[in-house]
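Working notes for the structure below.
The values are calculated or read from the model by the stated rules, or taken from the named source; none is laboratory data. Just so it is clear, the model here is predicted, and its values are computed rather than measured. Note: ideal-geometry Cβ built from the backbone for every residue, glycine included; neighbour counts use all protein chains shown.
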Amino acid sequence: MRLNKTLAEVTDRIIARSADSRTAYLERMEAAAGKGPARAHLSCSGQAHAYAAAGADQAALAKASAGHLGIVTAYNDMLSAHQPFETYPALIRDALRGVGGTAQVAGGVPAMCDGVTQGEAGMELSLFSRDTIAMATGIALSHNVFDAAVYLGVCDKIVPGLVIGAQAFGHIPAVFLPAGPMTSGLANDEKAQIRQKFAAGEVSREELLKAEMAAYHGPGTCTFYGTANTNQMLMEFMGLHLPGSSFVNPGTTLREALTVEGAKRALSLSALGNSYTPVCQILDEKTYANGIVGLMATGGSTNLLIHLIAMARAGGIILDWQDFSDLSEVVPLLARVYPNGLADVNHFHAAGGLGYMIGELLEAGFLHGDTKTVAGQGLAQYTQEPFLSEEEGLTFRPGPKISLNEAIVRPASDPFQVTGGLKRLTGSLGTAVIKVSAVDAKHHVIEAPVRVFQDQEEAKAAFKAGEFSGDTIVVVRFQGPKANGMPELHSLTPMLAILQGQGHRVALVTDGRMSGASGKVPAAIHVVPEALDGGPIAKLCDGDVVRLDATNGKLEILTPGVLQRPCAEADLSSYQHGTGREMFGMFRRTVTSADSGASVFDLPTADPSPQG
């Protein structure tokens, strides 16, 4: 199938925009690869230190006679998505011994949950945890004793941080090993209804807790299609997972077999063999374009508009929001998974899942089919699905050619929407993004007076006091990365949904984040410049009229004279201390804007023009 014209044009401009920084990055990776297996260059004392606790593997390591795999893990047993990783290292070591290889845990990285920290001070560390994870990955691999690496991580900031760190060691292969989603519990729409009832004072906290526990009830990722599961989709579209492995439940024999095969595959791609495929070759401009397509076709989390930019720039590739917006205009929405529908990711997987979608998008010309992957050359292998047989063990067979439930996943010829539902907004209020895949078309344009708040608690207090009585655009500012680490503002969702349900035309405008669970209320998020940077959002006052136009990509201040006002000031002292915030002052002072990836690293930047 002929490649879609817009996909070709966007990819070409990414390549042109990134030419200098990408060339410099690849030259560094080539130089690192040229030194050969790193542990051979260690002193005898250094090697002894590295192998001292390796037990029966010491002899093989000392002889350098076998491939050696590094395991970078985000394991902790407080988070359901990462609890299954507890058993992975032992499983991987045993599997590799069987084929003459060895493995060690290179290091652990922190993993925090936005669900646990939602509305709490800890959420202000969430975005910064991504770059902390990247740095921890670098420390884990800095011993230079590994021929390849596997990465154990799932959730919101963990996978992007691991990808950034992996690209710093882009001369060695990388395979990402997921844990999979928990089995389905209380339906997500039922849970959302109970949350709204609690926000309206109609049910007790005990009833709310009972519903939440019924929804989040076992090991694995949350089953709604938020940032964690968007990460898993991306790793498959970008060729870093084995085909069909993203949404296999934890604790199953198939999940175990995929973990073993992924570890073996990582070693087979090392420079010791004949199929050397370092991760710097997999994560190229076409691969990142495929990732954006996957984001649009599945209605994934808006957090990836920040993370994909930071991930790409770690490999010398410069993306900008216009790339996302342009691809969204042509890529059809093929999936309806909560909060964009009633199904969860288990239902999505059963209906055909990622393999079916990749096949449809390849056939329609919306994906680069010639990218390298950990499974080999070409994305067509990702239309396959894994299965176990008594005779052959783990094998891969062709996935479904038709959707098994068109209420969940549809063909490219008959999509849910002809566009991906994401827009870049520009205008006198700044630049922002909006996800409208779950927003009714009648709410795509909102023109109303604003109510301005400095944080979400102020907004919720006004709601509880009954202060919202008409059409309103709720503005929550001083929530950007420089102000307080750009926390998610999910606790506003029930309040806004209630107002919308009462017949009011409402929207949210913020320099903070809202993620993949923004749902049916229009939300212009990631506004840049942020308030602390002197953006126009800092000049708004209650009653000013703003127009949010998702149809035409506009975010305008309609009240005259606003831009001539001085910027409001906020007391940010409460964001500086407590719950570890004092340790991240350097991050707040040095972080880049959201449209540059909100990173603390010295990464290449895009041309300031919209087309980059």
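Inspection of the stretch 577-592 finds no residue satisfying the criterion of being in contact with a helix residue (DSSP H, G or I) (Cβ under 8 Å, 6 or more places away or on another chain), among the hydroxyl-bearing types (Ser, Thr, Tyr), at pLDDT below 95 and at negative phi.
Residue 57 meets each of the listed conditions (1) within 29 Å of the chain's Cα centre (by Cα); (2) in contact (Cβ under 8 Å) with a residue 24 or more places away in the chain; (3) more than 30 Å from residue 368 (Cβ to Cβ) apart from (1).
If you go through the stretch 325-350 and keep only what is in contact with a Gly (Cβ under 6 Å, 6 or more places away or on another chain) and either without any contact (Cβ under 8 Å) to a residue 24 or more places away in the chain or within 24 Å of residue 593 (Cα to Cα) (or both), you end up with just 328.
Working carefully through the options 415, 449, 411, find the one that is touching a Ser or Thr at 6+ places or on another chain (Cβ under 8 Å), assigned to a loop (DSSP other than H, G, I, E, B) and over 25 Å from residue 597 (Cα atoms).
Sole residue among the options that is touching a Ser or Thr at 6+ places or on another chain (Cβ under 8 Å), assigned to a loop (DSSP other than H, G, I, E, B) and over 25 Å from residue 597 (Cα atoms): 411.
Quick one: how many residues across the stretch 99-124 are of a type in the set (A, V, I, L, M, F, W, C) and modelled with pLDDT of 95 or more? Summing the residues that are of a type in the set (A, V, I, L, M, F, W, C) and modelled with pLDDT of 95 or more in the stretch 99-124 gives 5.
The residue list 505, 565 contains one member that is out of contact with any Ser or Thr (no Cβ under 9 Å at 6 or more places or on another chain) and modelled with pLDDT of 95 or more, which is 565. The set of residues in the stretch 495-517 being on the phi > 0 side of the Ramachandran plot and part of a loop (DSSP other than H, G, I, E, B) consists of 503 alone.
Would you tally the residues in the stretch 63-105 being within 15 Å of residue 151 (Cβ to Cβ), surrounded by fewer than 22 Cβ atoms within 10 Å (Cβ to Cβ) and either of a type in the set (Lys, Arg) or touching a Leu at 6+ places or on another chain (Cβ under 9 Å) (or both)? Residues meeting the conditions: 3. Taking the stretch 192-215 as the search range and keeping residues that are buried (at least 19 other Cβ atoms within 10 Å of the Cβ) and in contact with a Gly (Cβ under 9 Å, 6 or more places away or on another chain), which one is nearest to residue 379 (Cα to Cα)? Top of the filtered list is 215.
All of 377, 322 fail the test of being in contact (Cβ under 8 Å) with a residue 12 or more places away in the chain and either surrounded by fewer than 23 Cβ atoms within 10 Å (Cβ to Cβ) or polar (S, T, N, Q) (or both), apart from 322. Only one of the numbered conditions (1) touching a strand residue (DSSP E or B) at 6+ places or on another chain (Cβ under 9 Å); (2) on the phi > 0 side of the Ramachandran plot is violated by residue 370, and that is (2). Within the stretch 168-187, the set of residues being of a type in the set (S, T, N, Q) and surrounded by 24 or more Cβ atoms within 10 Å (Cβ to Cβ) is empty. Of all residue pairs spaced 6 or more apart or on separate chains, those with beta-carbon atoms under 8 Å, a first member in the stretch 1-12 that is farther than 9 Å from residue 366 by Cβ and a second member that is surrounded by 15 or more Cβ atoms within 10 Å (Cβ to Cβ) and basic (Lys, Arg) are 11/286. The residues listed here are 348, 366; of these, the one that is crowded, with 17+ Cβ neighbours inside 10 Å and over 17 Å from residue 244 (Cα atoms) is 366. I'd like the residue in the stretch 518-535 that is surrounded by fewer than 24 Cβ atoms within 10 Å (Cβ to Cβ) and not in a loop (DSSP other than H, G, I, E, B) and, out of all such residues, is nearest to the chain's Cα centre (by Cα). So the residue we want is 528.
Take residue 31 and tell me if it is farther than 17 Å from residue 149 by Cβ, without any contact (Cβ under 8 Å) to a residue 12 or more places away in the chain and under 33 Å from the mean Cα position of the chain (by Cα). Judged against the criteria, residue 31 is a match.
Taking the condition outside the structural domain of residue 472 (by TED's automatic domain parsing) and in a strand (DSSP E or B), does residue 385 pass? Taking the combined requirement at face value, the residue satisfies it.
Against the condition crowded, with 23+ Cβ neighbours inside 10 Å, under 23 Å from the mean Cα position of the chain (by Cα) and assigned to a helix (DSSP H, G or I), how does residue 134 come out, does it pass? Spelling it out, residue 134 is indeed crowded, with 23+ Cβ neighbours inside 10 Å, under 23 Å from the mean Cα position of the chain (by Cα) and assigned to a helix (DSSP H, G or I).
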